[in-house]
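To start, the structure under review is shown below, and the notes come after it.
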Amino acid sequence: MTRVWLLLLGAAATLGFAMVVLVVLPGALLVRIEPSAGLAPYGEREARGRAVYIADGCVYCHSQQVRDPSFTSDVDRGWGRRASLPADYVHDAPHLLGTMRTGPDLLNVGARLPDPSWHLIHLYDPRAVVPWSIMPPFRHRFELRDADAVGPGDTVVPLPAGRVPEGQVVVAKPEAIALVAYLLSLRRDAPPGAAALLDVDSRFWCGQGDEPRLARRGEAPAAETPR
Amino acid sequence: MSAAPADARREEIAIRASADASSRAPVLVFFATAVAWLLFGSLAGELASLALHWPDLLGFASFLTFGRIRTAHLNAMIYGWASLAMCGVSLWMIPRLVHQQLSWPRLAMAGAALWNVGLVIGIGGILAGRNDGLEWLEMDRALADPWLVAGGACVGIPLLATLARRTVDHLYVSVWYVIGAFLWFPVLFLVGNWPFGGVESAAVNWFYAHNALGLWLTAVNVGAAYYFIPKVLGRPVYSYQLSLLGFWTLAFFYALNGMHHLIGGPLPTWMITTSIVASVLMIIPVVAVAVNHHMTVVGRFAALRYSPTLRFVVIGAMAYTAVSLQGMFTALREVNRITHFTQWTIAHSHVGVYGFVTFVLFGSMYYVLPRLAGREWPSARLIQWHFWLSLGGIGLYVVALTVVGVLQGLVLLEPSAPFQRSVEVTIPGLYARSLAGLVLGAGHLLFALHCAALLRAPARRAMPALLEARPVVVRDAGAVQEPAS
Amino acid sequence: MIPSSVAVVAMVLLLGASALALFVWAWRRGQFDHLDEQSRAVFDARDPRIERPWESEAQRRERERAHGPPLPAQPGEWGGAA
């Protein structure tokens, strides 16, 4: 028998690992990430909302990444003004980049849909605002109450008529309010960071072209929902 | 290899019998609990599927909302069904292959118990809204994972101890795969659960999830295929060199693959490109295994009409080739820009975890369980039904979701197409998938009942439950006899 | 970035290195010698001689030439239980 393939394999493996150690590792060590411009850590309520987002599994239907416009339509769809960068995620632990788009990307949903009431209605009963939606309702984050049992501190969800039993109202639980605060905080479309060096690095590392790309359809498609 | 002296032969049979006896109890426990999780996972998967086209169906209970029940399905199938059944197959194969009794079988039993406790806590937690937030690693890292780690160790340690006390010199290729899997998986699981942040969290997440497939699920099941195919056919693998080449290239290339789940995402291009290159390199181990299995079976495909084991395992091996080639193709940017984020991915993962892993595990259990029980499967017809329900179900599942996945991807790439269209084109596929889920679930139910009947009922047949009771006409039509018992 | 890359690269290296170590061990221990013999390690002595009902006459003769006269399957062998 011949052992040629064994030798080839051993050689390839050695080469491969040498390459990783010698080329890739030092290259990787040269870059550091700072938060992108204006990106603040989550406030307490947003962080709570993020935990609800995880607990209820929004990530299995919604991504949070805007990909390079040179080979996707993410930017053209109005999901963000530029591709997202590592700098946009420094406060995210764990990441929620997602792998499915059963629903739209949410990385910039705070810019696109800034109205908290819309979100509350949508979370309680998605088909009340989007008839073709297949998003599940998240009723357990709300309470159904008699209309006269509502206190001054309660947030009543302004559902369209006919969506709640007569004489009752839907009150958002604190988790629902936190979740909406988190959604509204999702806005990662500021022009890439001011520090020029960093900027170049992150673009290089993310495989974008030389020009930071902005939405081709002119200004930010704020508040306009693409559907 | 001709006519070994009679007492040597008798001794060999004694070795096999004592190996089988040593692993019997733990293997039975692993298989029984695996089947229980298979049923639970099927139910959860079906509910998740229904929730996608009838979104208001399950809104009344928090634990039934899509995000939770879907996640319970994944974890029940991967860590419940597949992993437990794989532990059973490993515990059964290794003592046989190294001609030694299983060391510390009680420890392995304890492992099954610990692992199952971990699953109940972990999956119960997911349903109650305790989720670590990383795909494939949702089970609570403080409350559930320690049980799993302890349980896994209680399986791995007896296996390694058995290996250390082996009475054979050479390690058969299946041993390589199984032992490799049991060495790699704990490392992967620990790193995967390390709480990273930012995009590193994503990189580590997909590093883990992809390797859980490649170095755990794939490794054990390819190892099993390398055992059962030659064993049933009575023919050695076509090329043993090729089988070792396949193992070592898998070991070297697989670890680099994970970042292809993040193509286009906010990660350094070099990482993603490295993964794409490694994904394409996977053609070496995949083709090595495919050619080898095919050439082993070639000319004997008629055997698939007799042996339930062979039928399931050979189809599983074919699905392995298919899913790997599909994965390689999907890792190319041109394809990925269409298929990423769509139902295509769901179809792909089911070719892998069902068509390949689950089929090989069914086949293995059809071989192992009667040997543990000391009696034959009660009904050949039930096996037939199980086989055709599984094959028909997964076929429908994969075709339906692949087609609507491509449509969905094309709509999403078209900036002027409203998002609504991307939802609407998937709906027929989602209905078909629910139907497929029912078919698969029916097959699983039959299988579970059949297992229960095998273990509980007294022996009713002396002959093995072969699918083909009457002789088949083979190509060069020689005299064909009734199958020997 | 870079903790990310460091963690992942280190992991890849660790796994690759463990594979390499296993490989070297296997080589040293002669696991790559006598491959033909090894491919038969799945079989007990009787296995290749047991009759397989699906085989053609030619295949049966080939089996007989290579392994000796056929034996009827005993319990616990290819198709049956122990």
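The values are calculated or read from the model by the stated rules, or taken from the named source; none is laboratory data. Model, not experiment: these values are computed from the prediction. Here the Cβ is made from the backbone with ideal geometry for all residues, glycine too, and neighbour counts use every protein chain on show.
Just one of the listed residues (B:Val220, B:Val199, B:Val204, B:Val191) is within 24 Å of B:Leu74 (Cβ to Cβ) and touching a Pro at 6+ places or on another chain (Cβ under 8 Å), namely B:Val199.
What is the number of the single condition among (1) in a loop (DSSP other than H, G, I, E, B); (2) under 30 Å from B:Val232 (Cα atoms); (3) more than 14 Å from chain C (Cβ to nearest Cβ) that B:Ser416 does not meet? Every condition holds for B:Ser416 apart from (2). Candidates are the residues of the range B:374-406 that are outside any helix (DSSP H, G or I) and not charged (D, E, K, R); the one that is surrounded by the most Cβ atoms within 10 Å (Cβ to Cβ) is B:Trp377.
Of everything in the range B:252-287 that is within 10 Å of chain A (Cβ to nearest Cβ) and more than 17 Å from B:Phe207 (Cβ to Cβ), the residue that is surrounded by the fewest Cβ atoms within 10 Å (Cβ to Cβ) is B:Ile284. In the set B:Asp20, B:Asp56, only one residue is within 9 Å of another protein chain (Cβ to nearest Cβ), surrounded by fewer than 24 Cβ atoms within 10 Å (Cβ to Cβ) and in contact (Cβ under 8 Å) with a residue 60 or more places away in the chain; that residue is B:Asp20. I'm checking my understanding of the structure. Among residues of the range C:35-45 that are farther than 17 Å from B:Phe247 by Cβ and part of a loop (DSSP other than H, G, I, E, B), which one is farthest from the other protein chains (Cβ to nearest Cβ)? For the range C:35-45, the residue satisfying everything is C:Phe43.
Hey, could you check the range A:134-153 for residues that are touching a residue at least 24 places away in the same chain (Cβ under 8 Å) and out of contact with any strand residue (DSSP E or B) (no Cβ under 8 Å at 6 or more places or on another chain) and say which is farthest from A:Ser185 (Cα to Cα)?
A:Ile134
The listed residues are B:Ala32, B:Ala21, and the only one of them that is of a type in the set (A, V, I, L, M, F, W, C) and either more than 26 Å from the chain's Cα centre (by Cα) or modelled with pLDDT under 95 (or both) turns out to be B:Ala21. The single condition among (1) over 22 Å from the mean Cα position of the chain (by Cα); (2) buried (at least 21 other Cβ atoms within 10 Å of the Cβ); (3) assigned to a helix (DSSP H, G or I) that B:Asn131 does not satisfy is (3).
Out of the range A:40-61, which residues are farther than 19 Å from B:Ala72 by Cβ and assigned to a loop (DSSP other than H, G, I, E, B)?
Correct list: A:Ala40, A:Pro41, A:Tyr42, A:Gly43.
Residue count for the range B:356-410 under the criterion of being closer than 27 Å to B:Ile427 by Cβ and of a type in the set (Val, Ile, Thr): the result is 8. Within the range B:70-96, the set of residues being without any contact (Cβ under 8 Å) to a residue 60 or more places away in the chain and within 9 Å of chain A (Cβ to nearest Cβ) comprises just one member, B:Arg70.
No other residue among A:Ala172, A:Ala176, A:Ala181 is farther than 24 Å from B:Thr426 by Cβ, in contact with a Pro (Cβ under 9 Å, 6 or more places away or on another chain) and touching a residue at least 40 places away in the same chain (Cβ under 8 Å) apart from A:Ala181. Tell me which residues, restricted to the range B:34-53, are facing chain A (nearest Cβ under 9 Å) and not aliphatic (A, V, I, L, M). B:His53 - this is the single residue of the range B:34-53 that is facing chain A (nearest Cβ under 9 Å) and not aliphatic (A, V, I, L, M).
Residues that are more than 20 Å from B:Ala181 (Cα to Cα) and in contact with a Lys or Arg (Cβ under 9 Å, 6 or more places away or on another chain) are absent from the range B:105-114.
Determine, yes or no, whether B:Leu38 is touching a residue at least 24 places away in the same chain (Cβ under 8 Å), in contact with a His (Cβ under 9 Å, 6 or more places away or on another chain) and closer than 23 Å to B:Leu215 by Cβ. Considered against the rule, which asks whether it is touching a residue at least 24 places away in the same chain (Cβ under 8 Å), in contact with a His (Cβ under 9 Å, 6 or more places away or on another chain) and closer than 23 Å to B:Leu215 by Cβ, B:Leu38 comes out as yes. For the range B:244-265, a residue qualifies if it is aromatic (Phe, Trp, Tyr) and at pLDDT below 85, and the qualifying residues are B:Trp248, B:Phe252, B:Phe253, B:Tyr254. Select from the range A:66-100 the residues that are surrounded by 24 or more Cβ atoms within 10 Å (Cβ to Cβ) and not in a loop (DSSP other than H, G, I, E, B) and list them in ascending order. Passing the criteria: A:Pro86, A:Ala87, A:Asp88, A:Tyr89. Within the range B:66-112, the set of residues being crowded, with 24+ Cβ neighbours inside 10 Å and outside any helix (DSSP H, G or I) comprises just one member, B:Leu102. Contact map, the range B:329-353: residues that are within 11 Å of chain A (Cβ to nearest Cβ) paired with residues that are β-branched (Val, Ile, Thr) and not in a helix (DSSP H, G or I), Cβ distance under 7 Å, separation 6+ or inter-chain. Pairs shown: B:Arg333/B:Ile263; B:Asn336/B:Ile263; B:Arg337/A:Thr72; B:His340/B:Ile263; B:Phe341/A:Thr99; B:Gln343/B:Thr426; B:Thr345/A:Thr99.
Would you point out which residue out of A:Val24, A:Val20 is more than 8 Å from chain B (Cβ to nearest Cβ) and either farther than 20 Å from A:Ala93 by Cα or modelled with pLDDT of 90 or more (or both)?
A:Val20
Of B:Ser23, B:Ser42, B:Ser18, all but one fail to be touching a Pro at 6+ places or on another chain (Cβ under 9 Å), assigned to a helix (DSSP H, G or I) and within 19 Å of B:Gly363 (Cα to Cα); the exception is B:Ser23.
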